Amino acid sequence: AYGEWILCQDWMKEAEGLGIAGLAEELVRYRANPEYIYRVIAGESVLIPSGKAAQQFSGLASLNKTGVFLWELLGRERSLRELSRALGEEYELTEEQSTEDVKAFLELGLSRELIIRC
């Protein structure tokens, strides 16, 4: 029980540093829409719609190198913060730049239903 209390205290300290907006943002999770299949075709990384997605989206969605990196991370639920940290570490970006880039990727992916908000 004491160990659980310590973990809770650590989480609370981190949450205080995030503020209300940051905490709310941290609670939102994202994942890749499983109805899109990732493939490399003729050297190009693409997402192919299947199931219901194929009825709503005709064609392929193309991913650049950064998009592939984020798509692979979204194989499981992730927060904006987790994605931003990973992108920043991989490409040596500032926290501000990686967060801005991930937000743009998520907004586009959400608008086209490539990404699901959990």
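Compute the label zone of residue 55 within the stretch 81-116: residues whose backbone N is under 18 Å from the point 7 Å along Cα-to-Cβ.
Backbone N within reach: 113-114.
At R0 = 30 Å, how high is the FRET efficiency between residue 42 and residue 91 if r is their beta carbon distance? Nearest 0.05 is fine.
0.75
Under a 5 Å amide H to amide H cut-off, with H placed in plane at 1.01 Å, what residues pair with residue 115 once short-range neighbours are removed?
33, 110
Sorted by average packing, counted as other Cβ atoms within 10 angstrom per residue and highest first, what order do 61-70, 39-48 take?
61-70, 39-48
Add +1 for every Lys or Arg and -1 for every Asp or Glu among the other residues with Cβ under 13 Å from the Cβ of residue 86, and state the total.
-3
Quick note: the coordinates plus some simple rules give every number you see, no bench work behind them. These figures come from a predicted structure and were not determined experimentally. Glycine gets a Cβ as well: all are built from the backbone with ideal geometry, and neighbour counts include every protein chain shown.
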